[in-house]
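Here is the structure we will look at, set down as structure tokens.
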Amino acid sequence: MIGKEDLPHMIARGELPHGKISQRFEGYRYGDVNVSFFLVDSPPGKGALLHFHPYEEIFITLEGEATFTVGDDTIVASAGQIVVAPAGVPHKFVNSGTGMLRQVDIHPSGRIQQTDIPEHE
């Protein structure tokens, strides 16, 4: 972990923990910064499962197209658009385009706090 005394500090993207479609920055690991985010690189048809947080989540679409479900709403976002999921509201997204989806998913918390919701088909 990096302490506040070590800031400013540069972190290479490759140093971040990897998931299937994203890399995770959690602020508590880097000088106890009070923000976290995912750097998403998702192929068509992939995305995040239904979940919610005790805070808002802000999605910045950089490239591609994503279909978001936020509560009862369905939102299609493309490059340059921003979607906000309110605190406590279940949400998910899928890359609904034909190319890669690149986005930044911001969590206004030093730790990502997520509750997954099982979906039945």
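The values are calculated or read from the model by the stated rules, or taken from the named source; none is laboratory data. Note that the structure is a prediction, hence the values are computed from the model and not measured. Don't worry about glycine lacking a Cβ; one is built from the backbone with ideal geometry, like all the others, and counts go over all protein chains shown. These area figures cover heavy atoms from the full protein model, side chains too; ligands, DNA and RNA do not enter into them. Shrake-Rupley method; radii C 1.70, N 1.55, O 1.52, S 1.80 Å.
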Conditions (1) open to solvent by 60 Å² or more (accessible area, probe 1.4 Å); (2) assigned to a strand (DSSP E or B); (3) among the aliphatic types (A, V, I, L, M): number failed by MET10: (2)
All positions within region 95-105 that are hydrophobic (A, V, I, L, M, F, W, C) and open to solvent by 50 Å² or more (accessible area, probe 1.4 Å): MET100
Residue match in region 5-23 (condition: touching a helix residue (DSSP H, G or I) at 6+ places or on another chain (Cβ under 7 Å) and β-branched (Val, Ile, Thr)): no
Failed item, numbered, when TYR28 is tested on (1) in a strand (DSSP E or B); (2) open to solvent by less than 60 Å² (accessible area, probe 1.4 Å): (1)
Options LYS4, LYS92, LYS20, LYS46; residue that is touching a residue at least 24 places away in the same chain (Cβ under 8 Å), exposed (fewer than 13 other Cβ atoms within 10 Å of the Cβ) and within 15 Å of the chain's Cα centre (by Cα): LYS20
Candidate set from region 60-89 (those that are within 17 Å of ILE117 (Cα to Cα) and assigned to a loop (DSSP other than H, G, I, E, B)); member that is most open to solvent (accessible area, probe 1.4 Å): ASP72
Hits in region 90-121 (condition: outside any loop (DSSP other than H, G, I, E, B) and not β-branched (Val, Ile, Thr)): HIS91, LYS92, PHE93, ASN95, LEU101, ARG102, GLN103, ASP105, HIS107, ASP116
Flag for SER22 being small (Gly, Ala, Ser) and over 30 Å from MET1 (Cβ atoms): no
Total residues in region 32-43, condition of a type outside the set (Val, Ile, Thr) and open to solvent by 30 Å² or more (accessible area, probe 1.4 Å): 6
